[in-house]
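First up is the structure itself, then whatever we jot down about it.
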Amino acid sequence: MTAPAPRDAAPVVIETDVPARLDRLPWSRFHTLVVAALGITWILDGLEVTLAGSVSGALKESPALKFTNTEIGLAGAAYIAGAVLGAVFFGWLTDRLGRKKLFTITVLVYLSATAATAFSWNVWSFILFRFLTGMGIGGEYTAINSTIQELIPARVRGWTDLVINGSFWIGAALGALGSIVLLDPAWINPEYGWRLAFFIGAALGLVILFLRQWIPESPRWLISHGHPERAAAIVADIERRAGFVPPVGEVLPVTRLRPRAATPLGEVFRTLFVAHRERALVGLALMLSQAFFYNAIFFTYALILTDFYAVPSQNIGWFILPFAAGNFLGPLLIGRLFDTLGRRTMIAATYALSGLLLTGTGYLFWKDWLTASQLTLCWSVVFFFASAAASSAYLTVSETFPVEMRALAIAMFYAVGTGAGGIAGPWLFGILIDTGSRGSVFGGYLLGAFLMLAAAVIAARFAIRAERQPLESVARPLNAVD
């Protein structure tokens, strides 16, 4: 047995080319598996949010629950509150214990809670289970975003991240289709249909557990915690599976680190709010504005359709489908521009366009110049750009902070932004819709538009030009050695 090093011994310095080897890899089946196994989290979240929104009418008509619009907004806020707390707690653990352990734990929390939602017997039990479901999803966001950033080559990191985050809307479409069948009285009693809807998410969670068995621990996390041999073995296996043979005489940049088991929270806060305060401002602005924008509109869209357009609750899913299509196509079609034109240009442009288009759509709604179908078409255009904008917020906070605190940084900005924007948005719009006044709802839309335009200005001034750059160049590791 090796004797422990003396306490006054100099920390070991690791020299490794693992980050450079990861970035120069060609796209392979391994990367596709990473996208599928980890990106399905956003499909899951989209499914959850859409089911919760689509079944709102059924919850109001349920003999057991009898929700009011305010209670529906409260349930949405509880889901977001759970996601906020889950992100912070599991984000802290992700940086300490590793990416792989946590993205297994969080999906178990999610599938257990969403299955329990189906057995809700009153308003408060439903709210509790939605809170716990949100905790699982919030933890997923931090563990998965950090893992994806650390495994995907730098040249396609932006587009890949945007498409994966945009896949939320594949889940939204699945949730919409599911709600059409499950809430149709001709097929299933609506009182049982909304309960069955939540089992869809639990079943998907089991599929995710299976797929993730083949995803390795992040090599970047391993080297930062003193396991360079395991990291090198993982990269060698990825190269083998990709059929990649390094060129003869290849010389790659070397990263030099002094690994440590954990980063003190004091150092994390100094890095966030002193060393990188401008990056913190950008991350906070982007996360807060998109969270309010999205959650305020999407969590309450079913209420707009039922209360202002008398759309039957079982038909809500048909209106979600084109909405979801615009949201997914945005990151898919313009995502590559974030790697070519650059982060700063595209983040500012998509946020600004989202704010301006929201103002126009809100004005048309206020004047009652749109049918339900026309309003849905307008939202599809608005969110073509807004989806890319929102996805870029997660991209920004996950690539612009050092590896040792990446998951916790994601969690903190997600928590502050989503806690303020995501909880206040559904609650506020639930109240505005209850007034029955289109002008009141338009006022809420104007607030969302203002936040997006303010974020666009901040991004244009302070956003980091991280396109096609190694993570270690964008954000120097805290334990790096010159």
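Could you go through the range 270-286 and let me know if any residue there is at pLDDT 90 or above, surrounded by 17 or more Cβ atoms within 10 Å (Cβ to Cβ), among the hydroxyl-bearing types (Ser, Thr, Tyr) and part of a helix (DSSP H, G or I).
Yes, some residue in the range 270-286 is at pLDDT 90 or above, surrounded by 17 or more Cβ atoms within 10 Å (Cβ to Cβ), among the hydroxyl-bearing types (Ser, Thr, Tyr) and part of a helix (DSSP H, G or I).
Would you mind finding the one in ALA480, ALA407, ALA460, ALA455 that is among the hydrophobic types (A, V, I, L, M, F, W, C) and open to solvent by 40 Å² or more (accessible area, probe 1.4 Å)?
None of the other options fit; the residue is ALA460.
Would you pick out the residues in the range 442-454 that are within 26 Å of the chain's Cα centre (by Cα) and farther than 13 Å from SER354 by Cα?
Residue satisfying the conditions is GLY444 alone.
Checking the condition aromatic (Phe, Trp, Tyr), modelled with pLDDT under 95 and surrounded by fewer than 20 Cβ atoms within 10 Å (Cβ to Cβ), which residue from TYR309, TYR301 passes?
After applying the criteria, what remains is TYR309.
How many residues does the range 204-253 contain that are basic (Lys, Arg) and touching a residue at least 40 places away in the same chain (Cβ under 8 Å)?
Qualifying residue count, the range 204-253: 3.
Step by step: first the residues of the range 146-204, then only those that are modelled with pLDDT of 75 or more and not in a helix (DSSP H, G or I), then the one that is nearest to PRO26 (Cα to Cα). Which residue is that?
Applying the filter and picking the extreme gives PRO153.
Just need a number here: residues in the range 227-257 that are more than 19 Å from PRO153 (Cβ to Cβ) and buried (at least 17 other Cβ atoms within 10 Å of the Cβ).
Matching residues across the range 227-257 total 3.
I need the full set of residues from the range 415-434 which are open to solvent by less than 10 Å² (accessible area, probe 1.4 Å) and not β-branched (Val, Ile, Thr), in order please.
Within the range 415-434, GLY417, GLY421, GLY422, GLY425, PRO426, PHE429, GLY430 meet the criteria.
If you take just the helices (runs of 4 or more DSSP H) that sit entirely in the range 11-97, which of them hold at least 2 residues that are modelled with pLDDT of 80 or more, open to solvent by 10 Å² or more (accessible area, probe 1.4 Å) and closer than 26 Å to ILE410 by Cα?
So the answer is 18-23, 29-54, 69-97.
Considering only the range 119-128, I want to know if a residue exists there that is closer than 30 Å to PHE401 by Cβ and either more than 20 Å from the chain's Cα centre (by Cα) or in a helix (DSSP H, G or I) (or both).
No.
Can you report the number of residues in the range 448-472 which are in contact with a Pro (Cβ under 9 Å, 6 or more places away or on another chain) and assigned to a helix (DSSP H, G or I)?
Residues meeting the conditions: 2.
The values are calculated or read from the model by the stated rules, or taken from the named source; none is laboratory data. Just so we're clear, the structure is a prediction, and the values are computed from it rather than from any experiment. Methodologically, a virtual Cβ is constructed for each residue, glycine included, from the backbone with ideal geometry; neighbour enumeration extends over all protein chains shown. SASA here: full protein model, heavy atoms, side chains in, ligands and nucleic acids out. Shrake-Rupley method; radii C 1.70, N 1.55, O 1.52, S 1.80 Å.
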